Structure formats: structure tokens, C-alpha cells
Amino acid sequence: MRSEVEPLNLHIRKSGKSNKGFYIALGVCLIAVGVAAWTTYDSVVNYAAPQSEKTESQTNKVNNAVSGVYVPDSSAPASGKAPAASKPAKSSAPASSSRRPAPSSAASKAPAKQADTKPQQYAYPVGNATVLQKFSENPVYSKTTEDWRAHPALDLSAKAGETVGAIADGTVKKVYKDDQLGSTVIVTHGDLEAWYCGLNQISVKEGEEVRQSQKLGTVGAVPIEQKSGSHLHFALKKGGKYVDPLTVLS
């Protein structure tokens with residue numbers, strides 16, 4: 001009986017030792033698996049963190065480049081010098097010019113609307129344009145005074161009583177009787193001052209507005225030129241200086 005029990009107890013003791021070794025091995029395996037899992041997790045976390053920081057840094061740099069203003073990376077160590085502003089990248093597209101293009105030559109040559117620059121036409125004061133004595137700043141001989149003197153006027157042949165008209169529109173400046181030139185009417189025509197001398201039957205008065213060819217009076221007598229025959233003594237002044245009437249009359 002004892003011989004049968006002892007092998008059984010021996011088997012139980014052996015079996016108990018075997019189970020204990022199995023659990024020890026299982027525990028070691030679980031620990032190894034846990035260590036491996038932790039190592040793998042720690043490696044993944046450490047690898048992902050720099051990549052995330054690098055991606056964020058690159059994103060900030062891209063944003064800075066787009067805005068054209070450099071913003072220092074907060075993760076960079078502080079230094080004594082401020083970071084230099086980054087230069088914006090040069091674009092291959094042509095920069096737009098703020099200047100307006102110059103007008104084309106065709107537009108610049110377009111004919112401008114011309115103002116009415118038609119010169120003033122002056123009429124003769126008497127119908128007959130026959131000249132008895134021309135304008136002269138140099139001395140000429142006078143039949144009446146029998147001497148030599150300048151003749152700053154134009155003597156136009158005309159019959160006594162013939163109508164004397166205004167050479168252009170104007171204003172009567174003065175009407176008076178001169179001892180040498182006879183009855184005289186002075187009319188301003190723009191920048192010209194016309195002297196109609198040796199008149200009779202004057203029909204205008206001082207300050208009156210007259211129209212071109214309007215009657216001022218009739219041909220009378222010029223005392224200082226009475227030996228020259230019946231005529232109109234006509235003088236023109238411009239800027240206070242006598243000018244040749246033939247350079248003005250049409």
C-alpha cells in the first residue's frame with residue numbers, strides 16, 4: 001500500500017513544481033511584452049513630437065512669408081540681436097506701374113478745337129480809297145504851311161458832304177473842334193484809337209456805342225491842309241503811338 005501512495009505523492013510534487021515554473025515563465029513573458037509595448041509607445045511619442053513642432057514651425061514660416069513680416073519662432077532661443085526682417089520673395093510676374101501710360105501719339109496729335117482767331121476786319125472810313133498823302137514819320141512838304149513836317153496820318157480824297165463811317169465797332173471817346181484839324185471825332189476800336197478829322201455835321205456824341213460803317217458825320221475842311229483839296233484827315237494810334245492806317249485798313 002505504501003509503495004503505491006508514494007509514487008502518487010511524488011507525481012503530485014513534480015506536478016506542483018511544473019505548474020510553478022509555468023506561471024513564472026508566463027509572468028516573465030507578460031513583463032517582457034509590457035516592456036516592449038512601453039518602449040514602442042515611448043518611441044512613437046518621441047518621434048511624433050518633433051515632427052509636430054517642425055510642422056508648426058514650417059507653418060509659421062509660411063505664414064510669415066505670405067504676410068511679408070518676419071515673426072520670430074517662439075521655440076528659438078532668445079539672443080541679444082533682433083532677427084532681421086525677411087525679404088519678400090521676388091515674383092516672376094511683372095510689377096504693376098503706378099504711372100499712367102503716356103497718351104499715344106495719335107491721341108496727342110488730335111486736332112484741338114480751334115478758337116475763333118479770325119482777325120478784325122476794318123473798313124475804310126470813306127468810299128473813295130484814293131490816297132492824297134501817305135503816313136510819314138519823316139518830314140514832308142506841306143503846301144498850306146509851306147514847310148517840312150511829319151505827317152502821322154492818312155489823307156483820303158473825298159467830296160465835301162460825303163459820309164464818314166466808323167472803321168469798326170467802337171465807342172466814341174471824344175468830340176471836339178481843333179484849330180488845325182477842324183471838327184474831330186475820336187473813337188476807340190479795341191486797342192486802336194481812330195481820329196476822324198475835318199468833319200462836318202457830326203451825328204454822334206461822347207460815350208456812344210457805334211457799329212462798323214455807322215455814320216459819324218460828313219467830310220468838311222481841315223484848316224492846316226486846306227490847300228490839299230477836299231479830303232478826310234484820318235489818323236490811328238495804338239498804345240499811344242501813331243501807326244500807319246494802311247497797315248490796318250482792309
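See the values below:
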| item | result |
| --- | --- |
| Relative contact order %, region 131-247, counting alpha carbon pairs below 8 Å whose residues are six or more apart | 31 percent |
| Inter-label distance for ARG211 and LEU246, nm, one decimal - labels placed 7 Å from Cα along Cα-to-Cβ | 3.2 nm |
| Förster-model FRET efficiency, 30 Å R0, THR145 and GLN201, C-beta, rounded to 0.05 | 0.65 |
| Theoretical gain in end-to-end length, THR171 to SER228 [0.36 nm per residue, Cα-Cα removed] | 17.5 nm |
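Every read-out reported here was derived from the displayed coordinates using simple, explicitly stated rules and does not represent laboratory data. Remember, it's a predicted structure, so these values are computed and weren't measured experimentally. All Cβ positions, glycine included, derive from the backbone under ideal geometry; neighbour counts span all protein chains shown.
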